[in-house]
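First the structure, in the form of C-alpha cells, and then the observations on it.
The values are calculated or read from the model by the stated rules, or taken from the named source; none is laboratory data. All values derive from a computational prediction rather than experimental measurement. Cβ: placed from backbone, ideal geometry, glycine included. Neighbour counts: every protein chain shown.
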Amino acid sequence: MILDSVQNWLRNSIFLRVLFIGFVVLLLQIPIAMIDSQISDRNSTRHNAVYDISNKWGNQQQILGPRLVVPFYQLQTWTNKHGKKETSKKLRHAVFLPESLNISTKVKNEIRYRGIFEVPVYQSTINLTGHFAKPDFSRWGITPDKLYWNRAQLLVNVSDSRAIQKQVVLRWNKQSLNFEPGLGETNTNDAGFHIPNIPLDNHAEGYKFNIAMVLNGSSGLYFSPMAKNTAITISSDWPDPSFQGFKLPNNRNVTKQGFDADWAISHISRNYPQQWLHDQFDYNKFNASLVGVDFITPVDNYRMTERSIKYQLLFLFLTFVAIWLLEIVYKLRVHLLQYLLLGLGMCLFYLLLLAFSEHISFFWSYIIASTAVVAMTSLYSKAILKTNKRASLIGTGITLLYIYLYSLLQEQNYSMLSGSIGVFVALAIIMYVTRNIDWYNLSKRSE
C-alpha cells in the first residue's frame, strides 16, 4: 500500500514533473553543445579559406609613407687604455616627413571562392603626391659638412609588399626613378620599397614627388597621415564599407554601387612629429594613426547562427511550459520522451540554419529551417496533444518565437532591450494564463 502510494506520488507530483521537464532541457544541452561545436568548426574552416586566398592574393594593406632618410655622422671621442684620446665617426640617420601629402585611391573589389566559401578581395590603384621641404638639421646642431646627401633614401612602407602588381615609379621633381625592394639599411625588418640614393639638391628649397602603384589586398586598406597636412580619398564599388582608424572620414557617400570617402588630417592630431632621429623613435606609433576602411560581408552566417543559438534555452523553456500548461488544462499526459523528441526537433533548427546558410542567403536559410521545424513540431504536437487546436497553439507559439528571434538578429544594437522585453512579456503571459489555477488542490487531485 505504501509502495503504491509512493509510486502514485512520483507519477503525479507536479513538483517532480517540473523537475523532470527541467532535466530534459538540461539533457538537450548535449546536442546543442555539439551543434555549437560544429558552428565553430565550420567557421574555422571558413577562416582557413580566407587566410589561404588572402595569403596568395594579398592581405590587409597598410601604407606608410613616404619619408625621407638622410644619414650623417657624429664624432665620438674617448680615452683608450693607454690614456690617449681617440676619435671615430658614428653613423646616424635623420627622418623627415612631407609638408603635404595627397593620397588618391580607387579600389575595385571582387569575390574569390575556396570551395563554398566567399572571400572578398580587391585591387587598388594608389597615387601619392606632395612635397618635402628642405631638410633642416639645425634643431640637432648638425652642420652641413657632416651630412651624406648622396646617400639619402626615400622609404614607403607597404605591409604586404608581395601584392604589388607593377613596377612602382617615383616622379621626383623632374626625374623618374624606379623603387627597389625593401626599406634599405634603416628598416631591414619591415616590408616596402625605397629609393637608395635619392638625388637631393643642397640648394633646392623643396622636392615634389608623385608615386603611383597598383596593389592587391583583402579585408581592409589603411593609410597613415605622414605629412603636415594629409588629404586621403578612397573610392570603391564595395557597398558595405566599415570605416575604421583613429579618425572617421570628414565626408562619405555610401550607395548600393559603392562608396566615396575623404579625410583631411593635420599633423597636430598625430602622436609623432615631422622629423626625428631614427634610433630615438618608436615606429609602433604609426599604427595608432592609421585611417581606412574594412571591406566587410554584411551578413556573416556563422556569426548570426552563433547568436541565434544563444536563445535556445528560452525557446525550449517557453515551448515546454506551453505543453505542460496544456497538460494541466486538458488533463493530458505527455511522456518525458515525447518532450525530449520535441526538443531535439527544435535543436535541429540551428543545424539546418547553418547547413543551408553555407549555400544560400541567410534570410532564405532561416525561412526554410524555421518552416521545417514548425511543420514537424506541429504535426508531432497533434499526435501527443490529441487535437488540431492544441497543436496549432504550439505551432503558432513556435512560429512567433522564430519571428521574434529573427528580429533580434537583425537589430543587434537593440537586442538586449528587445530580449529583455520579450522575456518579460512571456513571463507575464504565463502568469496571466495560470492566475486562476489552484496549485494545492490540483496537486491533491493528482495524488
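Sort out which residues of the range 177-219 are among the polar types (S, T, N, Q) and under 40 Å from the mean Cα position of the chain (by Cα), and write them in order of number.
N178, T186, N187, T188, N189, N210, N216, S218, S219
Without any contact (Cβ under 8 Å) to a residue 40 or more places away in the chain, surrounded by 13 or more Cβ atoms within 10 Å (Cβ to Cβ) and either not assigned by TED's automatic domain parsing to the domain that holds F424 or not hydrophobic (A, V, I, L, M, F, W, C) (or both): is that true of R252 in this structure?
Criteria met by R252.
Inside the range 249-350, counting only strands (runs of 3 or more DSSP E) that do not spill past its ends, which hold 2 or more residues that are over 20 Å from L221 (Cβ atoms)?
Of the strands (runs of 3 or more DSSP E) lying wholly inside the range 249-350, those with at least 2 residues that are over 20 Å from L221 (Cβ atoms) span 275-277.
Working only within the range 310-366, note down all residues that are acidic (D, E) and either farther than 19 Å from V24 by Cα or touching a residue at least 12 places away in the same chain (Cβ under 8 Å) (or both). Can you show your working first?
Taking the range 310-366 and keeping what is acidic (D, E), we get 327, 358.
Across the range 310-366, the qualifying residue is only E358.
Would you check which residues across the range 113-130 are in a strand (DSSP E or B) and surrounded by fewer than 17 Cβ atoms within 10 Å (Cβ to Cβ) and list them?
So in the range 113-130, the residues in a strand (DSSP E or B) come out as 113-114, 117-130.
Of everything in the range 113-130, those that are in a strand (DSSP E or B) and surrounded by fewer than 17 Cβ atoms within 10 Å (Cβ to Cβ) turn out to be Y113, R114, E118, T125, N127.
Hey, can you tell me all the residues within the range 92-125 that are β-branched (V, I, T) and farther than 22 Å from G217 by Cβ?
V95, I116
Take the conditions in a helix (DSSP H, G or I) and closer than 16 Å to T305 by Cα and apply them to S365. Does it pass? Reasoning before the result, please.
Details: in a helix (DSSP H, G or I): yes; closer than 16 Å to T305 by Cα: yes.
Yes: the conditions hold for S365.
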